[in-house]
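Here is the structure we will look at, set down as structure tokens.
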Ligand SMILES: NC(=O)c1ccc[n+]([C@@H]2O[C@H](COP(=O)([O-])OP(=O)(O)OC[C@H]3O[C@@H](n4cnc5c(N)ncnc54)[C@H](O)[C@@H]3O)[C@@H](O)[C@H]2O)c1
């Protein structure tokens, strides 16, 4: 995995959960890393995320759509890991234009600039399993119909297509990873809109009730961030690939009830653990429920030899121990960091 030694790498969204884990691994593998992140309020940007490598990375606070702020490192980049984006499905339904701006408008500007400044460059894009909507069959392979059920899925789908279009035209060497539910150190636990895994972990750590909606029998394949980082590194270093789209999930499907029970059990202290409450879906959540989902790993295994290694129980134990040590930087972060003025103004301009 050390094909990155001495390579110049740009990580967009590198102050967030997955991007920071990736940036840390890249630095440890000898890469020269530049992070571009506009610290969007409501996303998972947190300077503490990159504390272990703070003196070894360049951080440029900029929106990916404002390429004039990072033209030099973009021109020099050997590989671009494009992880900037908003992940919240519920927030996309409350404010679709915000999601449109963050996941498509700025992505399109970014890619068009990449075409000019680093034509032919390899770009790895973080897409999502949400583009598939409610699975028609399981496990979900890359040929499954794309039929998102929320605006976030539609916008991530559009951004995926921008990447694939520019790859088909031969302008950029784009590769897309469709991620399942990712968990691990550096998740923004203070943002419940970012998904149920963070909510369960946060509640388990506080020994508060964990609420499971529906029957609790819905399947997911949570994937530890170390496995996601491994998949990005493999996909970013493979010279020629037969495919451009890969599903990335965890090693085994597991029910929501089991996920909640594991979180409660592993974070129990002095015999006290979170109770689990099973409740019917509130209407607004039911309409975004995809039922069961888990990824077919065949393509990524066959073409990249990338196999998820981290069992859920081990990964969760590692995650909980990170937050026991560093929870002050993640829990109770009620106030969001102020974004750079330029990002605020850009969004306000399109939101008018
Ligand atoms: N976490 C998951 O379970 C999951 C699942 C599927 C896909 N993904 C994708 O992976 C990527 C990273 O997700 P994450 O969980 O690390 O989220 P995160 O919220 O922790 O990190 C995203 C980062 O992107 C930054 N950002 C957003 N829009 C930006 C823009 N226009 N310009 C510059 N920076 C911008 C944010 O400030 C934040 O730091 C996202 O694109 C997301 O859609 C994540």
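What the table shows:
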item: Test: residue in segment 132-155 that is within 16 Å of the chain's Cα centre (by Cα), assigned to a helix (DSSP H, G or I), without any contact (Cβ under 8 Å) to a residue 60 or more places away in the chain and under 20 Å from residue 172 (Cβ atoms); result: no
item: Qualifying positions in segment 76-109 - surrounded by fewer than 20 Cβ atoms within 10 Å (Cβ to Cβ), within 11 Å of the ligand (Cβ to nearest atom) and within 17 Å of the chain's Cα centre (by Cα); result: 104
item: Leading residue by the ranking (nearest to the ligand (Cβ to nearest atom)) among those in segment 158-190 that are in a helix (DSSP H, G or I) and crowded, with 21+ Cβ neighbours inside 10 Å; result: 159
item: Evaluation of residue 273 against (1) out of contact with any helix residue (DSSP H, G or I) (no Cβ under 6 Å at 6 or more places or on another chain); (2) farther than 30 Å from residue 157 by Cβ (one fails), failing number; result: (1)
item: Failed criterion for residue 53 (all others in (1) closer than 18 Å to residue 233 by Cβ; (2) assigned to a helix (DSSP H, G or I); (3) within 13 Å of the ligand (Cβ to nearest atom) hold); result: (3)
item: Lone qualifier among 33, 64, 40 - being more than 9 Å from the ligand (Cβ to nearest atom), under 19 Å from the mean Cα position of the chain (by Cα) and surrounded by 24 or more Cβ atoms within 10 Å (Cβ to Cβ); result: 33
item: So residue 124, is it within 13 Å of the ligand (Cβ to nearest atom), under 24 Å from residue 312 (Cβ atoms), part of a strand (DSSP E or B) and modelled with pLDDT of 95 or more; result: no
item: Qualifying residue in segment 195-204 (condition: more than 16 Å from the ligand (Cβ to nearest atom) and either farther than 19 Å from residue 3 by Cβ or part of a helix (DSSP H, G or I) (or both)); result: yes
item: Residue within segment 208-226 that is touching a residue at least 24 places away in the same chain (Cβ under 8 Å), crowded, with 22+ Cβ neighbours inside 10 Å and part of a helix (DSSP H, G or I) present; result: yes
item: Unmet requirement for residue 59, which otherwise passes all of (1) closer than 20 Å to residue 21 by Cα; (2) surrounded by fewer than 24 Cβ atoms within 10 Å (Cβ to Cβ); (3) within 13 Å of the ligand (Cβ to nearest atom); (4) in contact (Cβ under 8 Å) with a residue 60 or more places away in the chain; result: (4)
item: Residue 195 surrounded by fewer than 24 Cβ atoms within 10 Å (Cβ to Cβ), modelled with pLDDT under 95 and farther than 22 Å from residue 316 by Cα; result: no
item: Pairs with Cβ under 8 Å, 6+ apart, first in segment 106-121 and farther than 23 Å from residue 7 by Cα, second part of a helix (DSSP H, G or I) and modelled with pLDDT of 95 or more; result: 107/159; 107/162; 108/159; 108/162; 109/67
item: Condition broken by residue 4, with the remaining ones in (1) more than 19 Å from residue 186 (Cα to Cα); (2) in a loop (DSSP other than H, G, I, E, B); (3) in contact (Cβ under 8 Å) with a residue 60 or more places away in the chain; (4) within 12 Å of the ligand (Cβ to nearest atom) satisfied; result: (4)
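The values are calculated or read from the model by the stated rules, or taken from the named source; none is laboratory data. Quick caveat, the model's predicted, so the values are computed rather than measured. All Cβ positions, glycine included, derive from the backbone under ideal geometry; neighbour counts span all protein chains shown.
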